[in-house]
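The values are calculated or read from the model by the stated rules, or taken from the named source; none is laboratory data. Worth saying up front: this structure is predicted, and the values here are computed from it rather than measured. Cβ placement follows ideal geometry from the backbone for every residue including glycine, while neighbour counts extend to all protein chains displayed. Remember, those area values only see protein heavy atoms, side chains included, never the ligands or the DNA or RNA. Shrake-Rupley method; radii C 1.70, N 1.55, O 1.52, S 1.80 Å.
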Amino acid sequence: MKRRKFLGGFNRFRLMLTLGLAVLLPAAALIYVNVSELRHFERDKVLEAYINRDFQEMLAISEKKMNKKAYAMVEETRELFPSPGVDPAEKEDKLDRLLEKSPWLSHAFLYDEGSIIVRTQPGQVSDKFLRDERETMAESYPVWIGAREGKTLIEGLHRKSPHIMFYNSQTKRADGPAFLAVAFFVLPQVADERVVLAGIAFDPCYLKKVFFPGMLEEFVNDRTRDQGGNRLAMMICPAKAPEGREITPMVASAGWGDGKPEVLRKLDDVFGGLALGIKYQGTSVQALGQSWVHRSFLILGILSLMIIGGLVLTKHMVSKEMALAKLKADFVSNVSHELRTPLALIRLYAETLELGRITTTEKKQQYYRIIRKESERLTALINNILDFSRIEAGRKEYEFRETDIADLVRNTLDSYRYQIEQQGFALEESIDPSLPAVRVDREAIARAVVNLVNNALKYSAEEKFLGVKLYRDNGAVKLEVEDHGIGIARRDQSKIFEKFYRTGDPLVHNTKGSGLGLSLVRHITEAHGGDIAVESTPGKGSRFILSLPLATATQQTGVVQ
Ligand code: ADP
């Protein structure tokens, strides 16, 4: 016993070690590594950096697209410019027609060797701001182009492709400060050495109300699809905020709100002096990063819980298996012991009788009785084991037949009556004779009764009492087997119906048993559609109540596994 205990302890230790080393440690390490990586991730803001880079790229691409469009528009008007050879009136006329055709322009001008013609959008000539602008252009451009600077510019333009250059400045319109983009270019049909320079000025209102909003909307719609459903917003603002003030968008796409841009790109070339900003609608990259980290922590938490749950379950199951293995080992030793004792007794008494030494009939009778009783015990045990193995193999068959259950119980008790009285038990029998016939497997029910009665006899100490009751209770027939024996502790009451289970009571320990009886009783009862319950107080006794429903008990047929 000592050895087994030691082995049990050793096995448990080994199990813990295996669980610990093979499963717990790697699981814990995995959880630890993930948590620390996530923390690290939060610190490094890799996600934010990644989004920032993506935003930078988007802004660069957007600027290129805007520039391309602006260049294409200038290119288009450049084709329509009058050649410098024609007389001034015709030039003016041609420029006016060009402006009419291109309503996105405020002015168009042509400088030819010292003289300049500046024309303004015909519909807007009366506008004070445009008039001022034109006057400034007409006065300052010839000075500037005529100087060395202008010549260098023209030479540069001839070499450049396209032959266009932008010059940006602040101007004014009725609704406040405005952005003026002026394109200078050389004309296609003019020889390189001639100082001829043409140009147009974009209408600031057109840029603000049509060009920029259209472009922004296009970029946002194009790119939102790549951003995992987080809608983007973009805006255009002056590159430098006015002294002491925050940057305010000049034009913004829908949903910009009043947040700050995540990334701001200063534009040059066509729209120098302006900046392009981008952000997510209604959220920030930081918030996105944080919510990502939170979500990851949550998922990790759930996964960790699942791993821990799995481990607990595994440990539980392995422990259960180990307990079952131990019960099986005990079972084998109990059964061998139980087989050996009656066999030895039978042999001993049979040999004694054979020798003819027993002379008195009374003594002989006693020996015969012992032999019968022991063989009955053997039969009961073997029947239990056979039934059990059939049940385990799923081959147990029940044969249901219309039965007078009162008769069945009485007969079963009768064959035990002598043994009961011999052992000094007071038998109290209360069997209702008027019970209806029930369809049961007679042999199985008899075996259940025998097991219950046997247990009552086995597990009684001082007070030897056996009560058997059979009565009708609503739709069921109930069989009660009661003793005033050692009783069963509360925590054991649900386990005693499991196979091989025996309580730790010293009396149980010293009493022979296989731990199969009650598990068979339960199987038999359930096969009949009934149930078995126990009421017990340690030291006071137990009452087993087997109930067979009348209605369903009569319907049972065939094989039950
Ligand atoms: P066993 O062969 O050990 O009697 P059973 O399956 O019949 O196997 O019973 C399982 C265990 O339930 C017993 O070992 C015993 O500990 C407990 N038990 C069963 N019947 C009684 C009873 N009438 N009084 C006290 N304990 C009982």
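Applying 0.36 nm per residue to the separation of S140 and D330 and subtracting their alpha-carbon distance, the gain on full extension is 57.1 nm.
Let me check I've understood the local charge: for A241, count other residues with C-beta under 14 angstrom from its C-beta, Lys and Arg +1, Asp and Glu -1. What total comes out? Overall, the nearby charge balance is +2.
Placing +1 on the Cβ of every Lys and Arg and -1 on the Cβ of every Asp and Glu, with no other charges, gives segment 379-526 a dipole of roughly 520 debye about its Cα centre.
Filter the chain for me: DSSP H helices, axial length by Cα at least 30 angstrom, mean Kyte-Doolittle hydropathy not below 0.0. List them by residue number. Span-like helices here: 285-354.
Of all segments of the chain bounded by trypsin sites (Lys or Arg not before Pro) found in a DSSP loop with no more than 11 other C-beta atoms within 10 Å, the longest spans 1-239.
Exceedance of the 22 Å cut-off in Cα-Cα distance is limited, within the set K65/K279; K328/K469; K478/K512; K172/K279, to K328/K469; K478/K512; K172/K279.
Relative to one another, the C-alpha centroids of segment 273-324 and segment 48-82 are positioned 42 Å apart. Run the accessible area of the chain with a 1.4 Å probe and give the carbon-and-sulfur part as a rounded percent. Carbon and sulfur atoms account for 54 percent of the accessible area of the chain. Distance from the Cα centroid of segment 94-170 to that of segment 448-478 is 117 Å (rounded to whole angstrom).
Can you tell me the dipole magnitude for segment 42-95 around its Cα centre, using point charges on the Cβ only (Lys, Arg +1; Asp, Glu -1), in Debye to the nearest 20?
240 debye
Excluding the site residues themselves, the longest part of the chain lacking any GluC sites (Glu not before Pro) in a DSSP loop with at most 16 other Cβ atoms within 10 Å is 247-398. Taken about its Cα centre, the chain carries a charge dipole of roughly 3100 debye when the Cβ of each Lys and Arg holds +1 and the Cβ of each Asp and Glu holds -1.
Selection among P84, L24, L343 by position relative to the dipole of the chain gives L343 as farthest towards the positive end (Cβ unit charges, Cα centre).
Counting Lys and Arg as +1 and Asp and Glu as -1 over every other residue whose Cβ lies under 14 Å from the Cβ of A22, the net charge comes to +2.
The residues of the chain expose on average 55 square angstrom of accessible surface per residue, using a 1.4 Å probe on protein heavy atoms. Distance from the Cα centroid of segment 356-375 to that of segment 326-342 is 27 Å (rounded to whole angstrom). Volume per residue for segment 325-479 equals 169 cubic angstrom (convex hull of Cα atoms). Using C-alpha pairs under 8 Å with a sequence gap of at least 6, the mean separation divided by the residue count of the chain gives a relative contact order of 10 percent. Farthest toward the positive end of the dipole of the chain, out of A456, M306, L59, is the Cα of A456, where the dipole comes from beta carbon charges about the Cα centre. Bridges between two residues of the chain, per DSSP, are antiparallel at a rate of about 90%. What number comes out for the charge environment of Y349, summing +1 per Lys or Arg and -1 per Asp or Glu over other residues with Cβ under 11 Å away? My count for the surroundings of Y349 gives +3. Largest accessible area first, the listed residues C205, C237 line up as C205, C237 when surface is computed with a 1.4 Å probe on the assembled protein chains.
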